[in-house]
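Below: the structure, in structure tokens.
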Amino acid sequence: MADAYLRNDGGRGIFSAEHEQFRDSVARFVDDELVPHHHQWEKDEVVPRAIWKRAGEVGILCPNVPEAYGGFGADWLYNVVVIEELAKKGITGPGFTVHSEMVAPYILQAGTEDLKRDILPKMVSGEAIGALGLTEPGAGSDVKEIRTRAVKDGDDYVLNGQKVYISNGQLADVMVTACKTDPNAGAKGVSLIAVDTHQAGFKRGRNLEKIGLKAQDTSEIFLEDVRAPAHHLLGREGGGFGIMMGKLAQERLTQAVRSICVAEAAIQWTVDYTAERKMFGGTLADFQNTQFVLAGLSAEVLSARVFTDWCIKRFMAGELTGVEAAKVKLLVTDLHVKTVNECLQFFGGYGYMTEYPIARAYIDARIVRIAGGAAEVMKQIIGRDLFGK
């Protein structure tokens, strides 16, 4: 179901023939170079740097970065293709999405010309890996509580603080870091600075043990008198909160795109398995309960797919609102979790074994209701809009 729907545009009215040609090359890369090794990467709890360079060579990192900065100048639908093809195969280890959909857009939108020319070509090639340093032990969804401090010293900023749950933290070469340049100004004192992780005082803590996303390195970061050139400031001092708010719609839509693909894939895995699983003289697919549960999920997932695609079109037209992004993120991630949970049940004991994609999808699913803004935050955004607050 998922594969048929996604390929050849499936009537979605979004992708051109060129996008689908690109999809074929991404799918081959995923099948040949990621799928065979992903289980081992989950045991290692990190992805080799070499795979980032291979991804850069085949053009799947930051495809929408303009040619002036080493990219291909493609539209964002090429990024969507990459997100979809990784999600369909359960590839959660390489933090390509953080790199391409979160870090690069911040730098592209608000970075100085010198910063963009220096770092973006390296991000496109996979030579430099990006991380986003927002979350702190005492500051998650409430950005104004950030405690990391950046003080101007000549032509540099000097940063001190701590970050936590940083995806790509063990491998990152550049970390877009949220910090306070004015500790007394609340959200208006928050700035974003691109920090070279190889600078003295940048210390990587342990690679955190997680419920899922085992192959994706996630770290504590400590900043002790780390220096960053003034031209690494994104936008203006105190403008970081506004930049972050402006990019949240893309981040939340990205999560929805990934989640809808996982839900579609989970249904297809379950249809295939139940059609073959022998039980009581027939197959598991012969039971009315099997058909009814999967029929209901299929209808819900298709409805959510239509909404997701509508949001993609809105985003491409520059019209997607923050409330719409919150709605699609809330709806689709909840459905993602529900779908893999109900589908796993049909696999019985096999569904509890991590050699099966459905088991890994179940393990990896829970984070989607937290990452990119917790479900409760999405409801708060939507509720405030409903009541005009």
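The values are calculated or read from the model by the stated rules, or taken from the named source; none is laboratory data. Values in this document were obtained by computation on a predicted structure and should not be read as measured data. For neighbour counting, all protein chains shown are included, and Cβ atoms are generated from backbone atoms with ideal geometry for every residue, glycine included.
Can you tell me which residue among GLN40, GLN109 is out of contact with any Asp or Glu (no Cβ under 7 Å at 6 or more places or on another chain), among the polar types (S, T, N, Q), surrounded by fewer than 24 Cβ atoms within 10 Å (Cβ to Cβ) and over 19 Å from LEU192 (Cβ atoms)?
Criteria check complete, one pass: GLN40.
Are any residues in the range 131-167 within 18 Å of HIS232 (Cβ to Cβ) and either part of a helix (DSSP H, G or I) or among the polar types (S, T, N, Q) (or both), and if so, which ones?
Across the range 131-167, the qualifying residues are THR148, ASN160.
Please pick out the residue among ALA249, ALA263 that is outside any loop (DSSP other than H, G, I, E, B), in contact with a helix residue (DSSP H, G or I) (Cβ under 7 Å, 6 or more places away or on another chain) and modelled with pLDDT of 95 or more.
After ruling out the rest, the residue left standing is ALA263.
Quick check on the range 298-316. Is at least one of its residues in a helix (DSSP H, G or I) and either closer than 16 Å to PHE347 by Cα or in the same structural domain as ASP173 (by TED's automatic domain parsing) (or both)?
No.
Please tell me if THR339 is more than 22 Å from GLN291 (Cα to Cα), among the polar types (S, T, N, Q) and not assigned by TED's automatic domain parsing to the domain that holds SER141.
Considered against the rule, which asks whether it is more than 22 Å from GLN291 (Cα to Cα), among the polar types (S, T, N, Q) and not assigned by TED's automatic domain parsing to the domain that holds SER141, THR339 comes out as no.
Regarding the range 198-212, can at least one residue be identified that is surrounded by 17 or more Cβ atoms within 10 Å (Cβ to Cβ) and of a type in the set (A, V, I, L, M)?
Looking through the range 198-212, none of the residues is surrounded by 17 or more Cβ atoms within 10 Å (Cβ to Cβ) and of a type in the set (A, V, I, L, M).
Does LYS214 count as of a type in the set (Lys, Arg) and under 21 Å from the mean Cα position of the chain (by Cα)?
yes
Quickly run through the range 126-143 and pick out the residues that are buried (at least 18 other Cβ atoms within 10 Å of the Cβ) and at pLDDT 95 or above.
Answer for the range 126-143, where residues must be buried (at least 18 other Cβ atoms within 10 Å of the Cβ) and at pLDDT 95 or above: GLY126, ALA128, ILE129, GLY130, ALA131, LEU132, GLY133.
Of all residues in the range 339-389, count the ones that are over 30 Å from THR321 (Cβ atoms) and in a loop (DSSP other than H, G, I, E, B).
So the count comes out to 5.
Check VAL174, VAL158, VAL164 and return the single one that is surrounded by fewer than 18 Cβ atoms within 10 Å (Cβ to Cβ), of a type in the set (A, V, I, L, M) and in contact with a strand residue (DSSP E or B) (Cβ under 6 Å, 6 or more places away or on another chain).
Of the residues listed, the single one that is surrounded by fewer than 18 Cβ atoms within 10 Å (Cβ to Cβ), of a type in the set (A, V, I, L, M) and in contact with a strand residue (DSSP E or B) (Cβ under 6 Å, 6 or more places away or on another chain) is VAL158.
Considering the range 213-233 alone, what residues qualify as being crowded, with 22+ Cβ neighbours inside 10 Å, farther than 15 Å from ASN160 by Cα and in contact (Cβ under 8 Å) with a residue 60 or more places away in the chain?
Residues satisfying the conditions are LYS214, ALA215, GLN216, ASP217, HIS232, LEU233.
Output the residues belonging to the range 237-246 that are assigned to a helix (DSSP H, G or I) and either in contact (Cβ under 8 Å) with a residue 24 or more places away in the chain or among the aliphatic types (A, V, I, L, M) (or both).
Result: GLY240, PHE241, ILE243, MET244, MET245, GLY246.
Which ones in the range 354-386 are at pLDDT 95 or above, within 21 Å of LEU213 (Cα to Cα) and among the hydrophobic types (A, V, I, L, M, F, W, C)?
Within the range 354-386, ILE358, ALA359, ALA361, ILE363, ALA365, ILE367, VAL368, ALA375 meet the criteria.
Quick one: what pairs do we get from the range 280-306, first residue loosely packed, with under 13 Cβ neighbours inside 10 Å, second of a type in the set (A, V, I, L, M, F, W, C) and outside any helix (DSSP H, G or I), C-beta under 7 Å, 6+ apart or different chains?
none
Determine if the range 73-95 includes at least one residue that is farther than 20 Å from HIS39 by Cα, outside any helix (DSSP H, G or I) and either among the charged types (D, E, K, R) or in contact (Cβ under 8 Å) with a residue 60 or more places away in the chain (or both).
Yes: the range 73-95 contains one or more residues that are farther than 20 Å from HIS39 by Cα, outside any helix (DSSP H, G or I) and either among the charged types (D, E, K, R) or in contact (Cβ under 8 Å) with a residue 60 or more places away in the chain (or both).
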